[in-house]
């Protein structure tokens with residue numbers, strides 16, 4: 001009986017525990033190897049040695065092929081069947097695992113974009129990842145650890161209620177908190193590009209409902225080649 005009571009008490013204690021982002025003094029150490037810039041093709045090429053040196057992987061290419069029987073040139077590299085299959089599997093696994101309000105999985109060319117509204121992973125009254133948000137990010141981290149031949153851009157966005165500098169600072173803070181969570185769940189920071197874009201690129205109207213959507217973090221996953 002005592003063992004049962006102890007076990008139930010332990011479960012209740014675990015349920016009451018809240019996630020806390022490490023102190024800011026530790027952020028630079030945790031995110032060592034990450035790039036604080038946009039994930040452009042040029043930046044990915046520049047980052048490749050750091051990525052590979054940190055244990056990163058590359059999606060293998062299909063066997064080179066010449067012209068087919070009709071004299072047609074082989075498919076361009078971004079349509080390589082191995083790459084397409086890899087990114088499609090990633091897209092479907094994220095979609096099937098994240099059927100939650102405020103979360104979208106989108107395909108943009110060869111990239112996969114994961115959109116998380118702020119309310120889906122942070123407390124509404126504090127700049128901290130919520131318990132539900134931590135559970136969601138754990139699911140994402142587990143999948144991204146499996147599909148490790150990808151770069152990721154973690155970009156924060158805000159609504160248009162603040163001035164430019166405040167918006168950029170707030171959006172970068174959100175992006176870094178997500179990046180730190182990922183790094184502490186075995187995602188290599190060498191894969192990461194982290195940026196705060198403030199109120200740029202709104203995806204909804206700037207009214208009460210739209211602002212809740214514009215406050216978000218987008219994780220863009222791009223194949224490492």
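The values are calculated or read from the model by the stated rules, or taken from the named source; none is laboratory data. Quick caveat, the model's predicted, so the values are computed rather than measured. Positions of Cβ are generated from backbone atoms using ideal geometry, with glycine treated the same way; all protein chains shown enter the neighbour counts.
Quick notes on this one:
- Among the residues making up the stretch 41-60, those that are touching a residue at least 40 places away in the same chain (Cβ under 8 Å), under 14 Å from residue 152 (Cα atoms) and out of contact with any helix residue (DSSP H, G or I) (no Cβ under 7 Å at 6 or more places or on another chain) are 43, 44, 47, 48, 57, 58.
- Top-ranked residue in the stretch 181-199 [being surrounded by 15 or more Cβ atoms within 10 Å (Cβ to Cβ) and without any contact (Cβ under 8 Å) to a residue 60 or more places away in the chain; ranked as farthest from the chain's Cα centre (by Cα)]: 199
- Hey, residue 134 farther than 17 Å from residue 211 by Cβ, surrounded by fewer than 22 Cβ atoms within 10 Å (Cβ to Cβ), under 11 Å from the mean Cα position of the chain (by Cα) and touching a residue at least 40 places away in the same chain (Cβ under 8 Å) or not: no
- Any hit, the stretch 82-97, residues being surrounded by 14 or more Cβ atoms within 10 Å (Cβ to Cβ) and either on the phi > 0 side of the Ramachandran plot or not in a helix (DSSP H, G or I) (or both): no
- Filter result for residue 9 (at pLDDT 85 or above and exposed (fewer than 11 other Cβ atoms within 10 Å of the Cβ)): no
- Taking (1) part of a helix (DSSP H, G or I); (2) farther than 21 Å from residue 186 by Cα; (3) in contact with a helix residue (DSSP H, G or I) (Cβ under 6 Å, 6 or more places away or on another chain) in turn, residue 107 satisfies each apart from (1).
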